[in-house]
1. Which of the following residues is surrounded by 13 or more Cβ atoms within 10 Å (Cβ to Cβ) and either in contact with a Lys or Arg (Cβ under 6 Å, 6 or more places away or on another chain) or modelled with pLDDT of 90 or more (or both): 78, 51?
2. In the stretch 58-75, what residues are among the aromatic types (Phe, Trp, Tyr) and surrounded by 12 or more Cβ atoms within 10 Å (Cβ to Cβ)?
3. State whether one or more residues within the stretch 64-78 are more than 14 Å from residue 5 (Cβ to Cβ), in contact with a strand residue (DSSP E or B) (Cβ under 9 Å, 6 or more places away or on another chain) and free of Cβ contacts under 8 Å to residues at least 12 places away in the same chain.
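The values are calculated or read from the model by the stated rules, or taken from the named source; none is laboratory data. Everything quoted here is computed from the prediction, not taken from an experiment. Cβ placement follows ideal geometry from the backbone for every residue including glycine, while neighbour counts extend to all protein chains displayed.
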Amino acid sequence: MAAIYIILKGCAEVQNGARITREVGEKNAIGVLAALDANAALRTVTAKEPVHALKLSVEDFEDVLSADFELVKAVFRVVAQHIREGT
């Protein structure tokens, strides 16, 4: 099941096949797109150093979105960035 992981500490790489598409670090979220459409993620994430992350289930994510329009706008910005970068 899809979930969002918010990195609290550390750094990781996101890969599409053999290609590294981006690095993620503190305060970055992984899995937002998969959580939005409830499909399995198509990327592999590998920690470059020890990572501490918060896991947010899709159900909890949807509950938070329904209560916070500012968060909805932030999610749209993340989605737009992914589309622009092709990641």
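1. Working: 78 fails: either in contact with a Lys or Arg (Cβ under 6 Å, 6 or more places away or on another chain) or modelled with pLDDT of 90 or more (or both).
Only one candidate qualifies: 51.
2. Passing the criteria: only 61.
3. For the stretch 64-78, residues more than 14 Å from residue 5 (Cβ to Cβ), in contact with a strand residue (DSSP E or B) (Cβ under 9 Å, 6 or more places away or on another chain) and free of Cβ contacts under 8 Å to residues at least 12 places away in the same chain: present.
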